[in-house]
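To keep things clear, I will list the structure first and then write my remarks on it.
Each value in this text was obtained by applying a stated rule to the coordinates, not by laboratory testing. Values in this document were obtained by computation on a predicted structure and should not be read as measured data. Every residue, glycine among them, receives a Cβ derived from its backbone with ideal geometry; neighbour counts consider all protein chains shown.
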Amino acid sequence: MTKEQLCKKIAREMGLTDIHVMTIINAILEEITSEVIEGEAVTFRGFGTFSQKKLASRKTHNPATGESQTYPERKTMKFVPTPAMRKRIDPENLNAEMRKLK
């Protein structure tokens, strides 16, 4: 589902205009992004947590040329669903997932 499809679905279900819903969606996404950029985690109870993750620098090589390269450290966004969300997505494997986390 794309952002536009989500917008249209919510607008239809809530009786709002597409423009109003898209404005709200964009504001939510911008606020989540801003907080994560600042290093803060954003948690939605029953859904999950967005946070910043630092990836260490690493060495690789180009298999075609054999040339070595070093990728610098970088930051990315991470999302971890809550156990309740994992259970909704895959109820059969929740126990296995919880054992991995311990």
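Which one is surrounded by the fewest Cβ atoms within 10 Å (Cβ to Cβ) among residues in segment 58-69 that are within 30 Å of Glu38 (Cα to Cα) and of a type in the set (D, E, K, R)? Explain how you work it out, then say what you get.
Here is the first cut: in segment 58-69, the ones within 30 Å of Glu38 (Cα to Cα) are 58-60, 69.
From what is left, the residues that are of a type in the set (D, E, K, R) are 58-59.
Working: Arg58: 10, Lys59: 8.
Going through the qualifying residues, I end up with Lys59.
The criterion of at least 3 residues that are of a type outside the set (S, T, N, Q) and either out of contact with any strand residue (DSSP E or B) (no Cβ under 8 Å at 6 or more places or on another chain) or farther than 22 Å from Pro81 by Cβ (or both) is met, among strands (runs of 3 or more DSSP E) falling completely within segment 1-66, by 58-61. Taking the numbered list (1) out of contact with any Ser or Thr (no Cβ under 7 Å at 6 or more places or on another chain); (2) of a type in the set (A, V, I, L, M); (3) closer than 24 Å to Arg88 by Cβ in turn, Ala56 passes all entries but (3).
Residue count for segment 34-45 under the criterion of being without any contact (Cβ under 8 Å) to a residue 40 or more places away in the chain and surrounded by 11 or more Cβ atoms within 10 Å (Cβ to Cβ): the result is 8. For segment 70-88, the criterion of being on the phi < 0 side of the Ramachandran plot, surrounded by fewer than 13 Cβ atoms within 10 Å (Cβ to Cβ), in a loop (DSSP other than H, G, I, E, B) and not hydroxyl-bearing (Ser, Thr, Tyr) is met by at least one residue.
Restricting the first member to segment 69-85 and to residues that are without any contact (Cβ under 8 Å) to a residue 24 or more places away in the chain and under 17 Å from Thr43 (Cα atoms), and the second to residues that are exposed (fewer than 13 other Cβ atoms within 10 Å of the Cβ) and of a type outside the set (D, E, K, R), the beta-carbon pairs closer than 8 Å and six or more apart or on different chains are Pro83/Met98.
The lone criterion from (1) surrounded by 13 or more Cβ atoms within 10 Å (Cβ to Cβ); (2) over 15 Å from the mean Cα position of the chain (by Cα) left unmet by Leu55 is number (1).
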